[in-house]
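To start, the structure itself, in structure tokens.
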Number of protein chains: 2
Amino acid sequence: MTKTLIIMSHPDVAQSSSQQFLLAAIKGEERIQIRHLESILAEQENNHFDKRIERACLQEADRIIFQFPFYWYQCPSVMKQWMDEVLTLNLSQKGKKKELGIVVTVGAKKDRYAAGGSVGFGIEELLRPYQALANQLGWNYQTPFIIYQFQYLKETQKQQLLVDYLYYLENGSHYFSEKEQWMLEKLEQYSNTHTGSVREWIVELQQEREELVMMLSEMGNEADGF
Amino acid sequence: MTKTLIIMSHPDVAQSSSQQFLLAAIKGEERIQIRHLESILAEQENNHFDKRIERACLQEADRIIFQFPFYWYQCPSVMKQWMDEVLTLNLSQKGKKKELGIVVTVGAKKDRYAAGGSVGFGIEELLRPYQALANQLGWNYQTPFIIYQFQYLKETQKQQLLVDYLYYLENGSHYFSEKEQWMLEKLEQYSNTHTGSVREWIVELQQEREELVMMLSEMGNEADGF
């Protein structure tokens, strides 16, 4: 099974509703380790990361996720400090390739990042430095997972986010039908926590998808990758 | 006259030959203010920037230059901290637009940044976050000034760099002939420091350029913008 390491940076994680939501989503996931960089740094006496520990965590992981809010179109400064202090080209390994995922929360609306929007560049272009970093370290860069305006999401949207997020942490971005199957299997494994409403929603979604696939098929379209 | 503020970040500026070279180049330039962020931060008791002071410096400047070495395709963490703590959208002003220039020193060869190179993305694309930041603040983004592999530059190349750098600090990237004229005028103003050899070099270069323009003209080409 894949082992995922989340390198998370947020200067005030207790006050962040989105980060709290994401943290709650992975509660009980044994294959996922989280390192909240600001907390770790606060415990260091010299205000530097312990390279040995950080690198050991990286070595053990199959998937590495950088999770952070977008501050001036980059990660917060503490995550940059972690990169500057911890990452070296020696971390690129022979054998099985590590994967690098990016989970970024964005305060502005999505259309600000479109051509002609006030930012003027797409998120994926703004995240190029992380992609270049992955290239250099020999890690497989995953399509970034972007959460726009978490505070305005409706309850159903949050449930969908939860599923998508968990799926991303383990598998990256793949076809939607694979994701459904994965989630249903996952729900079999543990029936505690917050899964009741998610299960209902998945089933609903599955029905909707089947209808949609039929509709597309009637219109003569392939429903590939849906 | 334009007032230029250099926001400079380098964790060990005394040991950096490129930064020392650039600092020497602007010695005596009254219209250029430098703020070395690591030194400033070291003097603060709480490890945070004084927003009031930093913003006052920004307000006074016509041109702002972010000067830094490329660490993992971004600025060092202390400059990111400065951005996170100091910059706000309120800094975008009515009236004369500020300009934002980027001076970045790069350790790798230029061709690594070409398509197919080991990095895979051009520097200008990797610098998009700064361009987006300029867009949001209503500042005019200037073509970045990139210095590749300073340590391998020959003496003549360093002299050219000096002229180009000083020109960039005051004027941005423009046509080469304008730059020559500007430099010659500048040399009239102060005949102290390191200008002797530069003057010679400029004159030489001017002759070469004139020959080249004639050659191009003979070949039926316009020598526009040379």
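Laboratory data are not the source of any read-out in this text; all were calculated from the coordinates shown. Quick caveat, the model's predicted, so the values are computed rather than measured. When we count neighbours, we look across all protein chains shown, and the Cβ atoms used for this are built from the backbone with ideal geometry, even at glycine.
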Handout entry: Order of A:Lys154, B:Lys109 - criterion: other Cβ atoms within 10 Å of each residue's Cβ, fewest first
Key = A:Lys154, B:Lys109
Fill in the blank from the handout: On each of the three principal axes the extent of the alpha-carbon atoms of region B:62-180, given in whole Å and largest first, is 43, 35, 25
Handout entry: In region B:1-70, the GluC sites (Glu not before Pro) that fall in loop regions by DSSP, at most 12 other Cβ within 10 Å
Key = B:Glu30, B:Glu45
Exercise for the section: Using DSSP to define loop residues, name the trypsin sites (Lys or Arg not before Pro) in region B:1-62 whose beta-carbon has at most 12 other beta-carbon atoms within 10 Å. Expected result: B:Lys27
Exercise for the section: Order by neighbour count: B:Val78, B:Val106, fewest other Cβ atoms within 10 Å first, most last. Expected result: B:Val106, B:Val78
Exercise for the section: Please list the equivalent ellipsoid semi-axes of region A:1-143, computed as the square roots of five times the alpha-carbon gyration tensor eigenvalues, in descending order and whole angstrom. Expected result: 24, 19, 16
Problem - Between region A:12-61 and region B:23-48, the Cα center-to-center distance that results, in Å - result: 33 Å
Practice task
Search the structure for amide H atoms under 5 Å from the amide H of B:Ile6, placed 1.01 Å from N in the peptide plane, and list their residues when 5 or more places away or on another chain.
Solution key: B:Gln33, B:Ile34, B:Arg35, B:Ile65
Completion exercise
Per the C-alpha gyration tensor (a ≥ b ≥ c, the square roots of its eigenvalues), region A:94-159 is rounded if a/c is under 1.5, else prolate if a/b beats b/c, else oblate; here it's oblate
Problem - Among B:Val106, B:Ile65, B:Phe21 - extreme Cα towards positive end, dipole of region B:1-128, charges at beta-carbon - result: B:Ile65
Completion exercise
Inter-copy distances for A:Gly116, nm, shortest first, label points 7 Å along Cα→Cβ, are 3.5
Handout entry: Ascending count of other beta-carbon atoms within 10 Å, so fewest first, for B:Cys75, A:Cys57
Key = A:Cys57, B:Cys75
